[in-house]
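The values are calculated or read from the model by the stated rules, or taken from the named source; none is laboratory data. From a predicted model like this one, the values you see are computed outputs, not experimental measurements. No Cβ is skipped: glycine too gets one built from the backbone with ideal geometry, and neighbour counts run over all protein chains shown. In case anyone asks, the SASA skips ligands and DNA or RNA and just uses the protein heavy atoms, side chains included. Shrake-Rupley method; radii C 1.70, N 1.55, O 1.52, S 1.80 Å.
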Amino acid sequence: MKDAEQQLAEVFGFSDFRPGQREIIEAVIAGQDVLAIMPTGGGKSLCYQLPALCRSGVTLVLSPLIALMRDQVRALQEAGVAAGALTSHNSEEESAAVFEALHVGRLKLLYMAPERLASITTQDMLRRANISLLAVDEAHCVSQWGHDFRPDYLRIGALRAALDVPLAAFTATADRETREEIIARLFGGRSARIFLQGFDRPNIRLAFEAKKKPRHQILSFADALRGQAGIIYCATRSKTETLARALVDEGHVACAYHGGMEAADRRAVEARFQHEDGLIVVATVAFGMGVDKPDIRWVAHADLPKSIESYYQEIGRAGRDGAPAETLTLYGADDIRLRRAQIDESLAPSERRAADHARLNMLLGLAEAQVCRRQVLLRHFGEKSAPCGNCDNCERPPRVFDGTTSVRKALSAILRTDQYFGTGHLIDILTGNETEKVRACGHDRLPTFGVGREHSRAEWQAIFRQMMGQDLIRPDPARHGALRMTEAARPILRGEVGVTLRRDTLKRDTARRSSARALVSEEDAPLLSALKARRRALAEAAGLPAYMIFNDRTLIEMAEQRPATSDEMMRITGVGAKKLESYGAQFLEVITGEVLPPEHPARRKLAGREAGPLYDRLAEAQLALMRGADGHQKPMRCSAAQLARVAAEKPVDVAALTRILGERRAERFGRAFLEILNRDD
Ligand code: ADP
Ligand code: ZN
């Protein structure tokens with residue numbers, strides 16, 4: 001693992017593994033068959049990229065989306081890794097370069113879509129190439145029952161058997177059936193080591209708000225995050241367009257994305273989102289699968305998602321780089337009605353519909369939660385956790401009240417009108433509002449008439465919404481809009497249990513400001529913008545997505561830690577040797593405000609290592625002795641490469657030093673150098 005850790009720092013610029021990565025990487029390097037289930041953003045790619053560098057031969061990566069493969073390959077090349085992809089989008093030169101690198105044994109990672117495996121030529125080519133490991137991304141695509149089934153994934157099992165090499169499969173989909181299918185189809189039933197990583201994504205902030213002025217709520221959330229890339233999910237296509245226009249009117253860069261658009265237009269939005277810094281995409285759920293952007297800073301739901309699983313998957317697209325990310329989910333009584341109706345109207349068998357209602361209930365429970373939201377979310381996935389401190393409820397514990405009496409009044413109004421009416425009419429009855437309809441039905445003579453005057457109409461709306469959220473009442477699919485009591489409400493009606501309601505979501509004027517937080521302190525913000533500007537300029541010049549230069553997390557660390565030398569720069573997460581060489585000076589210039597003298601490549605290679613400062617001390621000593629101890633000798637100096645070797649190898653005596661420097665130089669500098677080297681020990 002020492003080799004792996006060194007590569008982690010030098011190539012990828014990471015100082016630590018993310019949870020689970022170390023164990024997985026150890027197993028893959030050791031040549032074991034591995035199935036790793038990690039959440040989005042958990043860092044799956046590293047788990048085959050790093051082993052690929054540590055093992056001899058080529059690692060073949062099978063991955064479903066061509067655009068994503070090409071991006072990964074470019075990112076690897078930026079980090080100095082010999083990677084290539086064979087895809088139908090390749091130019092002839094690109095493919096030729098890949099074959100050449102394969103032929104001379106230089107290539108470490110070869111990316112390919114499973115479709116290619118159908119061709120005999122490809123199979124032959126792979127048999128001759130020195131493939132030593134198969135890595136399968138999005139392994140759940142092999143599952144025939146999943147939504148993402150790709151028939152070509154079924155070819156992978158045969159390829160593994162033919163090449164007889166270890167296979168490492170990765171997915172974020174964890175359920176047991178899918179897992180078993182993956183084992184059966186990819187590993188041919190051979191037992192694989194399974195790694196199951198927790199679901200938590202601690203850097204993602206969770207927040208929900210009841211809809212009050214939804215458009216305004218979303219716009220003010222986006223405003224607080226101005227300039228940062230985000231996604232807003234909406235329930236309908238037309239809403240994506242109106243909301244995108246509203247954002248543009250407010251000076252944001254935003255565009256709509258939905259299934260009704262031409263495929264080419266959708267591709268264009270995906271590509272823009274990937275490359276541009278700070279674009280907002282307003283989308284229906286169709287958006288996401290085709291994007292692999294690690295620095296999406298926020299996700300908002302303008303409407304309630306379909307289920308707790310969709311919610312988790314959609315917010316999970318934010319903050320994959322590990323830097324803070326914001327989310328906000330809006331929900332209202334209309335959303336609940338819409339989602340219930342969608343389930344009721346589906347053609348699925350009744351058990352399936354019941355299960356869908358239950359999954360919706362989980363999400364509503366999360367929306368109306370009165371405790372830490374992350375605890376509620378993780379509990380759904382079977383994980384225990386402490387209050388997170390990174391959700392709206394943790395930050396401002398909700399104010400609650402005993403709502404038992406109010407709920408019983410509402411239930412009684414529902415029952416006395418034979419479960420035949422919707423919220424509007426029920427609230428008229430409760431607040432004693434004598435409308436024509438109330439009089440015509442004789443509801444002004446009910447004992448419940450006017451018993452709820454202690455709450456305003458808006459408050460009653462919120463109470464009904466919370467009752468729907470707690471699944472005490474449901475819209476009746478047979479009677480449009482009418483509310484029915486559920487079994488869960490019976491004990492309340494009988495006075496056996498009470499209900500706690502949130503007070504703070506009742507009132508309009510106590511709307512909580514969506515407190516999206518800044519990425520860095522006020523003091524560091526100007527530097528962060530300057531670093532981003534430099535990144536944008538470099539990305540445009542190189543025709544690369546901005547995050548491939550450095551991602552947000554890296555720029556944030558630079559802004560906070562302000563490295564002033566290559567050594568310090570190398571300690572920043574995401575700065576590897578190759579990136580330091582390509583871009584280090586450019587960013588140091590922004591941070592220190594001055595153009596630094598060019599650094600010798602031999603010295604730069606030592607950046608961030610112990611040998612770096614040692615080199616500087618040797619160079620200083622050499623300068624003092626350039627004309628000898630008495631200052632009258634013929635000038636003499638060591639080459640930068642020699643100094644770097646001395647610093648790295650730390651010879652212990654004159655003999656060893658002489659082997660590096662030769663007699664003459666050892667004579668002049670030897671004593672001084674050895675003193676420095678010994679002092680250092
Ligand atoms: P996944 O495929 O699991 O969603 P990725 O492999 O795309 O996640 O990784 C997400 C982001 O996390 C990438 O930007 C990657 O560079 C970064 N990353 C992965 N491992 C580490 C690590 N050990 N330290 C810091 N960043 C990491
Ligand atoms: Zn919390």
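Remarks
- The ellipsoid equivalent to the alpha-carbon distribution of the range 525-598 has semi-axes of 16, 14, 13 angstrom, derived from the gyration tensor eigenvalues as √(5λ) and listed largest first.
- Note that the range 400-502 shows a convex hull volume over its alpha carbon atoms of 91 Å³ per residue.
- By the helix-only formula, in which each DSSP H run with n ≥ 4 contributes -39500 (n - 2.57) and the sum is divided by residues, the chain has a 222 nm mean residue ellipticity of -13500 deg cm²/dmol.
- For the chain, leaving out every one of the GluC sites (Glu not before Pro) that falls in a DSSP loop and has at most 10 other Cβ atoms within 10 Å, the longest unbroken run is 1-261.
- Net charge, ALA585 excluded, C-beta distance under 10 Å - Lys, Arg +1, Asp, Glu -1: -2
- Loop-located trypsin sites (Lys or Arg not before Pro) across the range 363-455 with a Cβ neighbour count of 13 or fewer within 10 Å are LYS384, ARG399, ARG453, with loop assigned by DSSP.
- Over the range 400-502, accessible surface divided per residue gives 46 Å², non-protein components excluded, 1.4 Å probe.
- Net charge over other residues, Cβ less than 11 angstrom from the Cβ of LEU378 (K, R count +1; D, E count -1): +3
- Exceeding the 27 Å Cα-Cα cut-off - candidates LYS44/LYS578; LYS239/LYS409; LYS384/LYS532; LYS532/LYS578; LYS2/LYS605; LYS293/LYS384: LYS239/LYS409; LYS384/LYS532; LYS293/LYS384
- Charged side chains reduced to their Cβ positions (Lys and Arg at +1, Asp and Glu at -1) give the chain a dipole of some 940 debye around its Cα centre.
- R0 of 22 Å, Cβ-Cβ distance TRP145-ALA341: FRET efficiency to nearest 0.05: 0.25
- The simple spin-label model puts a point 7 Å past each Cα toward its Cβ; for CYS441 and THR658 those points are separated by 10.7 nm.
- Helix 66-78 axis, angle to the chain major axis (alpha carbon atoms, nearest 10°): 40
- Taking a point 7 Å from the Cα of GLU383 along the Cα-to-Cβ direction, the residues of the range 19-60 with backbone N closer than 17 Å to it are 19-24, 36-45.
- Computed from the alpha carbon atoms alone, the convex hull of the chain holds 197 Å³ per residue.
- Efficiency of FRET from Cβ geometry, ASP616 and ALA271, R₀ 51 Å, rounded to 0.05: 0.70
- Extension gain, ALA541 back to ARG353 (0.36 nm per residue minus Cα-Cα distance, nm): 62.4 nm
- Candidates ALA546, ILE120, GLN470 compared by Cα position along the dipole of the chain: farthest toward the positive end lies GLN470, with charges placed on Cβ.
- Under the combined filter of DSSP loop state and at most 16 neighbouring Cβ atoms within 10 Å, the range 105-186 retains these trypsin sites (Lys or Arg not before Pro): ARG106.
- Excluding same-chain neighbours fewer than eight residues apart, the aspartates and glutamates reachable from LYS634 by a Cα-Cα span under 14 Å are GLU667.
- Added length on full extension, which subtracts the Cα-Cα distance from 0.36 nm per residue, SER521 to SER310: 72.7 nm
- Within the accessible area of the chain (1.4 Å probe), percent carbon and sulfur: 50
- Calculated FRET efficiency, ALA533 to CYS54, Cβ-Cβ distance, R0 = 25 Å: about 0.10 to the nearest 0.05.
- All-pairs alpha carbon distance profile, the range 50-106, 10 Å steps from 0, percent: 22, 58, 20
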